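So the structure is just underneath, and the comments pick up after that.
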Amino acid sequence: MSAQILDGKSVRDSILAELKPRVEALAAKHRRPGLAVVLVGDNPASEIYVRSKVKACGELGIFSERLTPPDSITTEEMLAIVEDLNRRPEIDGILVQMPLPAQVDARRILLAISPEKDVDGFHPYNVGCLVANSPAPRACTPAGIIELLKRYRVPIAGRRAVVIGRSDIVGKPMALLLLHENATVTICHSKTPDLAAECRRADILVAAIGRAALVTGEFIKPGAAVIDVGMNRLTRREEAERIYTRQPEKLRQLAEKGSILLGDVHPIEGPEMAGAITPVPGGVGPLTIAMLMSNTVRAAERRLEAREAAPCSS
Ligand code: NAD
């Protein structure tokens, strides 16, 4: 069996194409949506993420502003930046790129972001809305996965879903979103006994672990939909030889580039067992940015609706 590829790039393109007229309508009626991205210090991985977020804004006609305070910033100074962004009317979304330096209290920063501008969906108020299934910005990666499943017409209601990983940004919100779509959901994590047996029961398996190729064929029920969230860099030749037994071009890639990007799902056994699977790269990653754009546009629309409902307020 060879799995259907769930192409995140084409779903991203559809989402962005649908957002474009909404951005134009906002611009014509009021002003462009605005996103502020705060990137502390010079973490190369964060740099890449922020660059692609700012680029996506540009392509869509969303105003974006990049703030780059130094690595030495204090919690109080970060709070002042966030409070200023909270006050600024032309900013609809605030994204503080994680991780923050150790001396900054990330929890306090997250709490300080106004919930209606929290386009990452990480503020405890918005997490509460997620639990209660009431409207609010949702965490981008899990929200993108739901979009992908729906657009590929993968049935969710009544199906058994297993999420591996219980992080606040992927695993937990993913499980709740699947639950709200009426799946029967199991959350697995690093202390789950017999992980493979739990996963084999899944019609929809979401791997959000951060361990290269941990999910092998024995984890996958034949025909299941497999969503690979993991982004891992493989640098050791022995490990690459063990995983890519029949793909010498991958070993050449490792020799040339020094690393191979792969997911949490075994790149050969996964597509052999699954009915449908997301590739890495090109699966979940592109959806995350699309949903960030979607959350920013929605935040701008909500703020405009609130303004129209109370025309005398500033
Ligand atoms: P995290 O480290 O916060 O959480 C990992 C989770 O995996 C934990 O809950 C842990 O219990 C579980 N885990 C660890 N080892 C395990 C094991 N051996 N067996 C079972 N469970 C185990 O990571 P995260 O932030 O949730 O991210 C997970 C992965 O997804 C990472 O590779 C990350 O880079 C990737 N990611 C990708 C995107 C994207 O847009 N593509 C977005 C977010 C995260």
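The values are calculated or read from the model by the stated rules, or taken from the named source; none is laboratory data. Being a predicted model, the structure only gives us computed values, none of them experimental. Glycine also receives a Cβ, built like all others from the backbone with ideal geometry; neighbour counts cover every protein chain displayed. Just so you know, the surface numbers come from the protein's heavy atoms only, side chains and all, with ligands and any DNA or RNA stripped out. Shrake-Rupley method; radii C 1.70, N 1.55, O 1.52, S 1.80 Å.
Taking the condition of being in contact with a Gly (Cβ under 9 Å, 6 or more places away or on another chain) and of a type outside the set (Asp, Glu), how many residues in the range 58-75 meet it?
Total meeting the criteria: 8.
Which condition number does THR288 fail, the rest of (1) crowded, with 22+ Cβ neighbours inside 10 Å; (2) within 16 Å of the ligand (Cβ to nearest atom); (3) more than 30 Å from ALA136 (Cα to Cα) being met?
(3)
Rundown of residues vs (1) within 29 Å of ASP92 (Cβ to Cβ); (2) of a type in the set (Val, Ile, Thr), yes/no style:
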| residue | (1), (2) |
| --- | --- |
| CYS129 | yes, no |
| ALA143 | yes, no |
| ILE146 | yes, yes |
| ARG151 | yes, no |
| ARG159 | no, no |
| VAL163 | no, yes |
| LYS172 | yes, no |
| ILE187 | no, yes |
| ARG201 | no, no |
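For the range 168-187, state whether one or more residues are of a type in the set (A, V, I, L, M, F, W, C), in a loop (DSSP other than H, G, I, E, B) and under 25 Å from ALA3 (Cβ atoms).
Within the range 168-187, the first condition is being of a type in the set (A, V, I, L, M, F, W, C), and the residues that meet it are 169-170, 174-179, 183, 185, 187.
Retained after the next criterion (residues that are in a loop (DSSP other than H, G, I, E, B)): 169-170, 183.
Keeping just the survivors that are under 25 Å from ALA3 (Cβ atoms) gives 170, 183.
Yes, the range 168-187 has at least one match.
Return the total of residues in the range 164-196 being surrounded by 16 or more Cβ atoms within 10 Å (Cβ to Cβ), away from the ligand (no atom under 11 Å from the Cβ) and hydroxyl-bearing (Ser, Thr, Tyr).
Qualifying residue count, the range 164-196: 1.
Of the conditions (1) over 15 Å from the mean Cα position of the chain (by Cα); (2) in a loop (DSSP other than H, G, I, E, B); (3) crowded, with 24+ Cβ neighbours inside 10 Å, ALA161 fails just one. Which one is it?
Every condition holds for ALA161 apart from (2).
Could you tell me whether the range 64-71 includes any residue that is closer than 16 Å to LEU35 by Cβ and touching a Cys at 6+ places or on another chain (Cβ under 7 Å)?
There is at least one residue in the range 64-71 that is closer than 16 Å to LEU35 by Cβ and touching a Cys at 6+ places or on another chain (Cβ under 7 Å).
If I go through the range 143-158 residue by residue, how many of them are open to solvent by 10 Å² or more (accessible area, probe 1.4 Å) and in a helix (DSSP H, G or I)?
Of the residues in the range 143-158, 5 are open to solvent by 10 Å² or more (accessible area, probe 1.4 Å) and in a helix (DSSP H, G or I).
So, in the range 1-34, how many residues would count as being in contact (Cβ under 8 Å) with a residue 24 or more places away in the chain and either closer than 20 Å to MET291 by Cβ or of a type in the set (A, V, I, L, M) (or both)?
22
For the range 119-136, name all the residues that are closer than 15 Å to MET291 by Cα and within 16 Å of the ligand (Cβ to nearest atom).
Matches in the range 119-136: VAL119, ASP120, GLY121, PHE122.
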